[in-house]
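The values are calculated or read from the model by the stated rules, or taken from the named source; none is laboratory data. Just so you know, these numbers come straight off a predicted model, no measurement behind them. With ideal geometry, Cβ positions are generated from the backbone for all residues, glycine too; neighbour counts draw on all protein chains shown. Quick note on the areas: whole protein, heavy atoms, side chains included, nothing else; ligands and nucleic acids left out. Shrake-Rupley method; radii C 1.70, N 1.55, O 1.52, S 1.80 Å.
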Amino acid sequence: MTHNRVNQAPLGNTGTEMDFSCQYSSNLPAVLKAFNVSLAFTSYQTSRLMLVRTDGERLDVNFKRFPRPMGLAVTDRGLTLGIFTQIVQFQREDGLLQQIKQPLKRIEEDRTAPRLKKDTDEAEEEPLEKAYMEAQHAPVDDRVDRCFITRSTHYTGMINTHDIAWGTDGLWVVNSSFSCLSTLDANASFIPRWKPYFISRLAPEDRCHLNGMTLKDGKPAFVTTFSTYDQPGRWRDGPGATGTLMSVAQNEILLDGLTMPHSPYWYQGAVYYCNSGLGEICRYDPATGKNEVLAEVPGFTRGVDFIGSIMVVGLSRIRQSHIRKPAPLAKKYDETHSGLWFFNLEDGCEIGRITFTGNVDQIYDVAVIDHCTFPEVIEPSHPRMRNHFTFPALCPETV
């Protein structure tokens, strides 16, 4: 295992340091480089969106701060992230690559945003926070080969966004609070589009804990739920093995008796999903009804994506939870892990892993970013947002 000592960084304005250190299999830098991919994943427990980047020799784990980041969707045009009360869209803008590799001018020197007087509270910043902001003005790593910059945000309110995915009808969102699948419209918090047959009404009560979704041919096809309860928050108190894998088109249960399932993913004619409470990675064939466990790992499995014949799965440590009955995984292993595990689909064998050794305990979603190995994300609060412009040619009005 190779050690990657990531600099400690402040969690917020509290002065508390977070340790993002990790270990990783020595073959992973070459694997990601060979496929010309990088990875993004979310950790709501640390309030971070993280990027796994490589130059072919070492991995670089880069992190961005967001409140409660959860679902991720990556396309060739951009990256979409679900956070506490918003859906944030980052546009791919590779034309900014040279600009972000230069130091950012101080606001006092920037003609686009002059400051007439110094903010009175600027000198009161916590030392760690001040150091973080200083680093924001530095050039990004010269190895960066793709730029995603904040372009828009939609305010949903706290709908407990879980999985998200782009389809033929736009962005689909797992709206866990209202126990439904939704799309977005500028004139509403969300547009409810589908609910499980056992949910009697839409209310912000997280009745069954609908959490996972995958699309097929641009339409939602399969979802996971923790239960079939129709009472507010009832799933928190019930027995553990009440989870389901459901068909959206038929609105019927395909598998039940699952333990805290997450992250269904339609790939190569089958549905891959996590039977998270048992640390299992499973595959279901809807044509035959066959369900099989591909691997069992020492962690709460959640977050799935694919690099050709390689499956990437997120693992989380078992934690103290508001669910009254803990995951059976706690009795199955003396120690559980947090990180990303890589498996060969052809034989189910593990080919590598990234293990977090510091404070990163929880991972929610994982996404592969194709055709780049060293991406950069410019988040909404980044000072570069004030003068990093992208726009088309002048379009004169026709009189």
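Odds and ends about this structure:
- One residue stands out among those in the range 216-235 that are in contact with a Gly (Cβ under 7 Å, 6 or more places away or on another chain) and of a type in the set (A, V, I, L, M, F, W, C): the one that is most open to solvent (accessible area, probe 1.4 Å), which is 226.
- Among the conditions (1) outside any strand (DSSP E or B); (2) in contact (Cβ under 8 Å) with a residue 40 or more places away in the chain, the only one that residue 367 does not satisfy is (1).
- Taking the listed residues 238, 257, 269, 303, the one that is small (Gly, Ala, Ser) and under 25 Å from residue 360 (Cβ atoms) is 303, with no other qualifying.
- Elements of type strands (runs of 3 or more DSSP E) contained in the range 67-152, each with 2 or more residues being of a type in the set (A, V, I, L, M, F, W, C), closer than 19 Å to residue 381 by Cβ and modelled with pLDDT of 95 or more: 78-82, 86-92
- Counted residues, the range 81-90 - those being crowded, with 22+ Cβ neighbours inside 10 Å and among the β-branched types (Val, Ile, Thr): 1
- Residues of the range 158-197 that turn out to be in contact (Cβ under 8 Å) with a residue 40 or more places away in the chain, over 19 Å from residue 78 (Cα atoms) and either acidic (Asp, Glu) or open to solvent by 30 Å² or more (accessible area, probe 1.4 Å) (or both), as a count: 3
- Positions within the range 198-215 being surrounded by fewer than 16 Cβ atoms within 10 Å (Cβ to Cβ) and either outside any loop (DSSP other than H, G, I, E, B) or without any contact (Cβ under 8 Å) to a residue 12 or more places away in the chain (or both), in sequence order: 201
- For first residues located in the range 98-122 and of a type in the set (A, V, I, L, M), partners that are modelled with pLDDT under 80 and not in a helix (DSSP H, G or I) and lie 6+ apart or on another chain with Cβ distances below 6 Å form the pairs 107/113; 107/115.
- Residue check, residue 386 of a type in the set (Lys, Arg) and modelled with pLDDT of 95 or more: no
- Unmet criterion (only one of (1) farther than 28 Å from residue 215 by Cβ; (2) at pLDDT 95 or above; (3) surrounded by fewer than 22 Cβ atoms within 10 Å (Cβ to Cβ)) for residue 24: (3)
- Count of residues meeting criterion [closer than 20 Å to residue 83 by Cα and in contact with an Asp or Glu (Cβ under 6 Å, 6 or more places away or on another chain)] in the range 43-67: 2
- Here residue 264 fulfils each of the conditions (1) in a strand (DSSP E or B); (2) out of contact with any Phe, Trp or Tyr (no Cβ under 6 Å at 6 or more places or on another chain); (3) of a type outside the set (A, V, I, L, M, F, W, C); (4) closer than 22 Å to residue 299 by Cα apart from (2).
- Among the residues listed as 348, 269, 308, the single one being open to solvent by 10 Å² or more (accessible area, probe 1.4 Å) and out of contact with any strand residue (DSSP E or B) (no Cβ under 8 Å at 6 or more places or on another chain): 308
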